[in-house]
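> First the structure, then my questions, so here it is.
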Amino acid sequence: MNQVEKREKAIRDFKTKFTITRAEQDETENVIEGYFALYEQETELFKNTYEIISRGAFDNTIKNDVRALWNHNTQFVLGRSKNGSLQLRADEKGLFGTIKLPKTQYAEDLYELVKRGDIDQASFGFNILDEDLEELSNGGYRWRMKDIDLHEISVVTFPAYENTTVHARSRQIEQIETRKLQEKKDALSKRLKGLK
């Protein structure tokens, strides 16, 4: 399956190792950086259903006007690529982001929480533009995301998949199973007609 049948916004989360620094040119500027997505890491969405982000999946979207948020909350904007307060790069390992935090109370609070290790997880919001689907020998499925339209990255307290993402994948599996069942019925019907 090369084309995504229905493009829905998705969110993926994982634990990362953030680095906190003070900017060299301005020692009062707080910076958080780390990987917001990793390539070639299989993630289990639910039983026997997996996703992998292919190397290069962010190449076409790295220049998007992406926002950095705290817990996906648009009221807590941490940075934006358009103005340079968020810098993104895709390397061999994955999607790396550097956020120059604003001089707000919530950003200062987040900086301290990351510094103490209370918050050390990341997430990103996106649409899938191109993916392949593999049926596994155990009856499960694995999606390989090849092209991603990135909207936002987030520093998060608790990573968790959104129910809509899981339901979207569940619906896709139901559609595949229904199509396979119909193909079996059609083949059986042809065989029965041949016996008459």
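> Do the conditions hold for ALA160, that is, is it open to solvent by 50 Å² or more (accessible area, probe 1.4 Å), under 17 Å from the mean Cα position of the chain (by Cα) and modelled with pLDDT under 95? Write out each step before concluding.
Details: open to solvent by 50 Å² or more (accessible area, probe 1.4 Å): yes; under 17 Å from the mean Cα position of the chain (by Cα): yes; modelled with pLDDT under 95: yes.
Yes, satisfied.
> Among the listed residues LEU101, LEU78, identify the single one that is in contact (Cβ under 8 Å) with a residue 40 or more places away in the chain, out of contact with any Gly (no Cβ under 8 Å at 6 or more places or on another chain) and either surrounded by 12 or more Cβ atoms within 10 Å (Cβ to Cβ) or acidic (Asp, Glu) (or both). Working first, answer last.
Values: LEU101 fails: out of contact with any Gly (no Cβ under 8 Å at 6 or more places or on another chain).
Unique residue meeting the criteria: LEU78.
> Which of the strands (runs of 3 or more DSSP E) contained wholly in region 48-153 include at least 1 residues that are under 30 Å from THR28 (Cα atoms)? Lay out the reasoning, then the answer.
Working: elements: 49-53, 67-70, 73-80, 86-90, 94-100, 121-135.
Those strands (runs of 3 or more DSSP E) span 67-70, 73-80, 86-90, 94-100, 121-135.
> May I pose another question? Touching a Pro at 6+ places or on another chain (Cβ under 8 Å), modelled with pLDDT of 95 or more and either open to solvent by less than 50 Å² (accessible area, probe 1.4 Å) or closer than 15 Å to ASN64 by Cβ (or both): is that true of GLY84 in this structure? First the steps, then the outcome.
Working: touching a Pro at 6+ places or on another chain (Cβ under 8 Å): no; modelled with pLDDT of 95 or more: yes; either open to solvent by less than 50 Å² (accessible area, probe 1.4 Å) or closer than 15 Å to ASN64 by Cβ (or both): yes.
For GLY84, the condition - touching a Pro at 6+ places or on another chain (Cβ under 8 Å), modelled with pLDDT of 95 or more and either open to solvent by less than 50 Å² (accessible area, probe 1.4 Å) or closer than 15 Å to ASN64 by Cβ (or both) - is not met.
The values are calculated or read from the model by the stated rules, or taken from the named source; none is laboratory data. Predicted model, so just to flag it, every value in this text is computed and none were measured. Quick reminder, even Gly has a Cβ in these numbers, built from the backbone with ideal geometry, and neighbours come from all protein chains shown. Side chains included, ligands, DNA and RNA excluded: accessible areas come from the protein's heavy atoms. Shrake-Rupley method; radii C 1.70, N 1.55, O 1.52, S 1.80 Å.
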